[in-house]
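The values are calculated or read from the model by the stated rules, or taken from the named source; none is laboratory data. Note that the coordinates shown come from a computational prediction; the quantities given were computed from them, not determined experimentally. So basically every Cβ, Gly included, is an ideal-geometry build from the backbone, and we count neighbours across all protein chains shown.
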Amino acid sequence: MRILAIETSCDETALSIIEAIKVGPQVKFKVLGNEISSQIALHAKYGGVFPMMAKREHGKNILPVLEKVLKEAKMHIINKKPQADLKLENKINKMLARENEIQDRWLNIMPFIKKPKIDAIAVTTGPGLEPALWVGISFAKALSVYWGIPLVPVNHMEGHVFSIFPKASRSFKVEIADKMFPMLSLLVSGGHTELVLVKDFMKYKKIGQTRDDAAGEAFDKVARMLDLPYPGGPEISKMAKIERKYIVPECYNKTSNFSGPRTRGTEAVPDHEKSDVLSPLISLPRPMIYSKDYDFSFSGLKTAVLYLIRDLKLENPNILENQTIKNKIACEFEEAVVETLVHKTLKALKEYKIKTLIVGGGVSANSYLQKVMVEKIIENKLKVKVHFPNKSLTGDNALMIAIAGYFQAKNKKFAKNLNSVKAQGNLSL
């Protein structure tokens, strides 16, 4: 089975083509084409994603990306004498009525491309930014009608569950075996933080979620407080990593007069850094870490950082010009988030007797989260296999949508009525 997948839930215009063959308890996948057009540089100027701007860029990018992925898959075959079908063209125009950028380019591109050997089209229908989602959905519907290929709606979060399977090579496999289940998926991104119990593929039960800000969203907001560029998560992690190189003697605290050598591992701190030794104590809460449920909350932690910076500026208005202080805040914030995520996840691993842990979403790329999660699983002597996606697949991508689309198609979850396929910004697993 060959699947063409389309992902436009936020600021990445991504398309992928895969081939899947079921062999016993395994499904073998081959990546025929995988292309992505990122808008990060555009939105970075504004410190975040603007939905309508993202929508416009998706409209501009989606047809060129389709051509690229078809060429990569060796499916871009030119129609030298395309036949005009006015009835079909009128139907496509109506389907693309709200997508002017696509509509304007359609007749200059699509009639000259022969129908590829694709068995199903998978498209993200939510959750995500609805204006952005609609671009991919409208385009997928138009392709479905134009080529006569069935459409499969896919949940974006389900895609993140499957994102751990592709490797660096063009081929990978997904094992369908009882020894993998029950599975737990910690999905952490800019828009979501949730714990999902996976009893089998396509059988999900959400056991916990954020009550306000998602972890990735909190990273970005704290980064803005520290005057860091968007996206903020990687920047905070870089600063936190620098801070963790230092070891501060236990006898040092906010009010002490300790002036002995501060060390970096086993080395003394260079003289030019000694002025930073007696910096203020940076401490942040671990929100809801000991609550009886599996829910999260990061809005209060974000506010705690805001108040911390405010109080530090009362003592020294220029304190954020001190890079060491900024590193300390970044480090303490990252550790607060990671400690909370890991604690709740470990609790669920024990309660539900989990065999496999999947960590997906943009925040899953955080090396400190990966390190602590693995260490705590070993420390607690849990017989759990933990999986993180390849770094290139931690963000939004069409490859994960293609895999989820395959399983949906195998279970015949095709859209019976294209008019029923709509963008659902708050779609849940």
Could you grab me the full set of residues in region 367-401 that are within 12 Å of Leu357 (Cβ to Cβ) and touching a strand residue (DSSP E or B) at 6+ places or on another chain (Cβ under 7 Å)? Met373, Val374, Ile377, Val384, Lys385, Val386, His387, Phe388
Do we find a residue being of a type in the set (Lys, Arg), farther than 25 Å from Met157 by Cα, touching a residue at least 40 places away in the same chain (Cβ under 8 Å) and loosely packed, with under 13 Cβ neighbours inside 10 Å anywhere in region 72-88? yes
If I filter region 153-173 down to residues being basic (Lys, Arg) and either on the phi > 0 side of the Ramachandran plot or in contact with a strand residue (DSSP E or B) (Cβ under 9 Å, 6 or more places away or on another chain) (or both), which single residue comes out as surrounded by the fewest Cβ atoms within 10 Å (Cβ to Cβ)? Arg170
Given (1) farther than 17 Å from Pro285 by Cα; (2) of a type in the set (Val, Ile, Thr); (3) out of contact with any strand residue (DSSP E or B) (no Cβ under 6 Å at 6 or more places or on another chain), number of the condition Thr340 does not satisfy: (1)
Of everything in region 38-85, what is assigned to a loop (DSSP other than H, G, I, E, B) and of a type in the set (Lys, Arg)? Give them in sequence order. Lys45, Lys74, Lys80, Lys81
Every residue from region 202-220 that is under 16 Å from Phe333 (Cβ atoms) and aliphatic (A, V, I, L, M): Ala214, Ala215, Ala218
Filter region 391-423 for residues that are surrounded by fewer than 24 Cβ atoms within 10 Å (Cβ to Cβ), under 20 Å from Asn34 (Cα atoms) and over 12 Å from the mean Cα position of the chain (by Cα) and give the result. Phe407, Gln408, Ala409
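Yes/no per residue for (1) assigned to a helix (DSSP H, G or I); (2) among the hydrophobic types (A, V, I, L, M, F, W, C):
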position: Phe333; (1), (2): yes, yes
position: Leu341; (1), (2): yes, yes
position: Ile354; (1), (2): no, yes
position: Ile358; (1), (2): no, yes
position: Tyr368; (1), (2): yes, no
position: Met373; (1), (2): yes, yes
Evaluate region 124-141: report whether one residue or more is part of a helix (DSSP H, G or I), of a type in the set (A, V, I, L, M, F, W, C) and under 16 Å from Ile358 (Cα atoms). no
Condition check for Leu151: modelled with pLDDT of 95 or more and assigned by TED's automatic domain parsing to the domain that holds Asp293: no
Return the total of residues in region 174-215 being at pLDDT below 95, crowded, with 19+ Cβ neighbours inside 10 Å and not in a loop (DSSP other than H, G, I, E, B). 1
Within region 355-364, how many residues are within 18 Å of Met157 (Cα to Cα) and surrounded by fewer than 22 Cβ atoms within 10 Å (Cβ to Cβ)? 1
Subset of region 111-133 [crowded, with 20+ Cβ neighbours inside 10 Å and either under 19 Å from Ser428 (Cβ atoms) or modelled with pLDDT under 95 (or both)]: Ala122, Val123, Thr124, Thr125, Gly126, Pro127, Gly128, Leu129, Ala132, Leu133
I'm told Glu351 meets every condition in (1) surrounded by fewer than 16 Cβ atoms within 10 Å (Cβ to Cβ); (2) more than 28 Å from Ala240 (Cα to Cα); (3) under 23 Å from the mean Cα position of the chain (by Cα) except one. Can you identify the failing condition by its number? (3)
Can you name the condition, by its number, that Leu427 falls short on among (1) on the phi > 0 side of the Ramachandran plot; (2) touching a Ser or Thr at 6+ places or on another chain (Cβ under 7 Å)? (1)
Residues satisfying the stated conditions in region 142-173, i.e. in a strand (DSSP E or B) and closer than 23 Å to Val196 by Cβ: Val152, Pro153, Val154, Asn155, Phe172, Lys173
In region 48-64, is there at least one residue being crowded, with 18+ Cβ neighbours inside 10 Å, touching a Pro at 6+ places or on another chain (Cβ under 8 Å) and either assigned by TED's automatic domain parsing to the domain that holds Gly126 or not basic (Lys, Arg) (or both)? yes
Any hit, region 27-36, residues being among the polar types (S, T, N, Q), modelled with pLDDT of 95 or more, within 21 Å of the chain's Cα centre (by Cα) and in the same structural domain as Trp134 (by TED's automatic domain parsing): yes
